[in-house]
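Scroll down for the structure; my scribbles are underneath it.
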Amino acid sequence: MSAKTPDELREQVRGEVIVEGDADYENARSVHNGMIDKRPAVVVRVMNAGDVMTTVNYARENGHVLSIRGGGHSGPGFGTNDGGVVIDFSRMRGVRIDPNGKTARAEGGATWGDFNAATNAFGLATPGGIISTTGIAGLTLGGGIGYLTRGHGLSLDNLVSADVVTADGKMIVANENENPDLFWAIRGGGGNFGVCTSLEYKLHPVRNVYWGPMFYEVSEAETILRFYRDYIKHAPDEMGAFPAFQIAPPLPFIPEDRHGDMFAAIVACWSGDPAEGERQFKAFHDVAEVKAEMVGPVPYPAINAAFDGLFPPGIRQYWKGNFVKELTDDAIAAHVQHGPAAPNVSSTMHLYPINGACHRVASDASAFGHRDANFSMVIISASTDPAQDDVDTKWVKDYSDAIAPHSEVGGYVNFMDDDDSSRVRANYGSNYDRLVQLKRRFDPGNLFRVNQNIAP
């Protein structure tokens with residue numbers, strides 16, 4: 001029997017059903033981005049796949065907007081809504097490892113911190129994100145870019161199978177052999193096609209890495225970016241490194257009199273033999289004088305949490321991003337002009353490399369349609385002060401506008417904000433038309449529309 005009210009829904013699910021007026025409602029409606037202030041009618045903290053199926057049916061049959069929340073890190077706040085239903089996976093975070101088969105099965109609410117802690121015990125890892133509190137599901141379905149990407153591909157390239165609840169409330173398995181069209185679509189098509197209650201990944205031997213940020217005088221930014229452009233083309237696949245602009249936080253490895261100063265930076269991760277790391281980092285020290293650094297061998301999970309302090313829950317965020325084929329001289333000039341004007345310590349630009357293993361996957365092998373790009377750039381402003389919103393947002397928009405002529409029309413869907421709906425076709429790239437056909441097949445009513453939406 002279908003539920004018509006939250007009270008009836010409570011009788012049919014194992015998890016908590018939270019509505020306005022309940023003691024935990026304010027906490028239940030919040031997402032990571034403090035700019036998002038929405039009030040859903042119902043939040044269901046699901047406990048199992050059956051809860052997800054029941055809640056999908058409840059939302060569809062009662063005509064409610066439906067949001068899916070894993071880690072809650074969506075910049076536009078897609079993990080919540082006004083007046084609708086939220087499926088909250090925060091009670092489903094288990095990770096099970098098969099060390100012999102080198103695979104991991106994780107529930108839909110697991111974060112990369114959860115995942116990496118579980119896999120590292122076996123000396124294994126898969127490409128994930130940069131912040132440990134990010135959910136594995138949202139990151140993977142949009143792509144999944146991180147330190148191990150050049151060596152082992154995107155997160156979605158390592159997805160083996162997923163349990164998916166579709167818009168009709170049924171759960172099906174999606175992999176290369178079962179429902180292969182759906183499996184193709186969820187690897188890059190975001191949350192447009194269903195709710196992943198669990199995801200299975202292949203793992204790679206990675207336990208410790210040689211990692212760290214290196215800070216240079218901001219006057220060296222042009223030199224650093226020119227060096228990086230040439231270096232990363234031919235770097236070993238085990239090297240994941242990206243340039244950034246960063247105001248120095250008050251950390252012990254930075255001279256106290258430089259706290260608050262703007263620097264150019266390179267954050268690098270060598271995932272080969274850590275004993276080889278110092279030699280591999282020599283090029284970063286030769287290009288310009290390193291003014292402050294914190295480099296050395298560390299367990300892989302530690303680097304995934306290194307920047308968590310800059311992006312705590314509730315910080316106010318605004319994003320823009322583009323794919324980049326070539327880092328031209330004109331692009332570098334735009335970066336040098338706008339990057340150093342970042343308004344606060346949590347505002348930055350990162351230029352992530354997506355060559356190496358990413359380029360060895362065909363553009364039509366999954367829904368991720370930008371295999372010819374060499375970089376995925378993100379510009380993010382983040383602050384705890386609402387009075388800074390206009391300043392922060394303007395910096396991102398001005399920077400993005402300046403760099404757009406030197407970038408691709410499309411960008412990484414996980415770096416889009418809520419005012420980027422006009423870019424949807426370009427963001428999904430060469431596979432957009434096939435994605436539309438599959439959307440019509442799996443979600444003709446567009447129940448899963450609180451995302452970078454592929455309209456059926």
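The values are calculated or read from the model by the stated rules, or taken from the named source; none is laboratory data. These figures come from a predicted structure and were not determined experimentally. Heads up, the Cβs are rebuilt from the backbone with ideal geometry, glycines too, and the neighbour counts pull from every protein chain shown.
Just the residues that are within 13 Å of ILE224 (Cα to Cα) and either among the hydroxyl-bearing types (Ser, Thr, Tyr) or part of a loop (DSSP other than H, G, I, E, B) (or both), please, taken from the stretch 254-310. The answer is VAL287, ALA288, GLU289, VAL290.
Applying the criterion of being out of contact with any strand residue (DSSP E or B) (no Cβ under 9 Å at 6 or more places or on another chain) and buried (at least 21 other Cβ atoms within 10 Å of the Cβ) to the residues of the stretch 363-412, the residue that is farthest from MET349 (Cα to Cα) is ALA367.
The rows are residues; the columns are (1) buried (at least 24 other Cβ atoms within 10 Å of the Cβ); (2) touching a Phe, Trp or Tyr at 6+ places or on another chain (Cβ under 7 Å); (3) more than 17 Å from ARG39 (Cβ to Cβ).
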| residue | (1), (2), (3) |
| --- | --- |
| THR55 | yes, no, yes |
| VAL65 | no, no, no |
| GLY70 | yes, yes, yes |
| GLY77 | yes, no, no |
| VAL85 | yes, yes, no |
| PHE89 | yes, no, yes |
| ARG93 | no, no, yes |
| ASP98 | no, no, yes |
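What are the residues in the stretch 138-159 that are farther than 18 Å from TYR428 by Cβ, of a type outside the set (S, T, N, Q) and either assigned to a helix (DSSP H, G or I) or more than 10 Å from the chain's Cα centre (by Cα) (or both), if any? Answer for the stretch 138-159, where residues must be farther than 18 Å from TYR428 by Cβ, of a type outside the set (S, T, N, Q) and either assigned to a helix (DSSP H, G or I) or more than 10 Å from the chain's Cα centre (by Cα) (or both): TYR147, LEU148, ARG150, GLY151, HIS152, GLY153. Of all residues in the stretch 171-189, those being over 18 Å from GLY138 (Cβ atoms) and outside any helix (DSSP H, G or I) number 8. Taken over the stretch 163-218, residues that are without any contact (Cβ under 8 Å) to a residue 60 or more places away in the chain and closer than 19 Å to ILE145 by Cβ amount to 0. From the set of residues in the stretch 221-257 that are touching a residue at least 40 places away in the same chain (Cβ under 8 Å) and either charged (D, E, K, R) or assigned by TED's automatic domain parsing to the domain that holds GLY151 (or both), which is surrounded by the fewest Cβ atoms within 10 Å (Cβ to Cβ)? Checked the stretch 221-257; the qualifying residue surrounded by the fewest Cβ atoms within 10 Å (Cβ to Cβ) is LYS233. Screening the stretch 4-111 for helices (runs of 4 or more DSSP H) wholly inside it with 3 or more residues that are more than 21 Å from GLN317 (Cβ to Cβ) returns the ranges 6-10, 49-61. Residues in the stretch 383-428 that are aromatic (Phe, Trp, Tyr) and either in contact with a Leu (Cβ under 8 Å, 6 or more places away or on another chain) or not in a helix (DSSP H, G or I) (or both): TYR412, TYR428.
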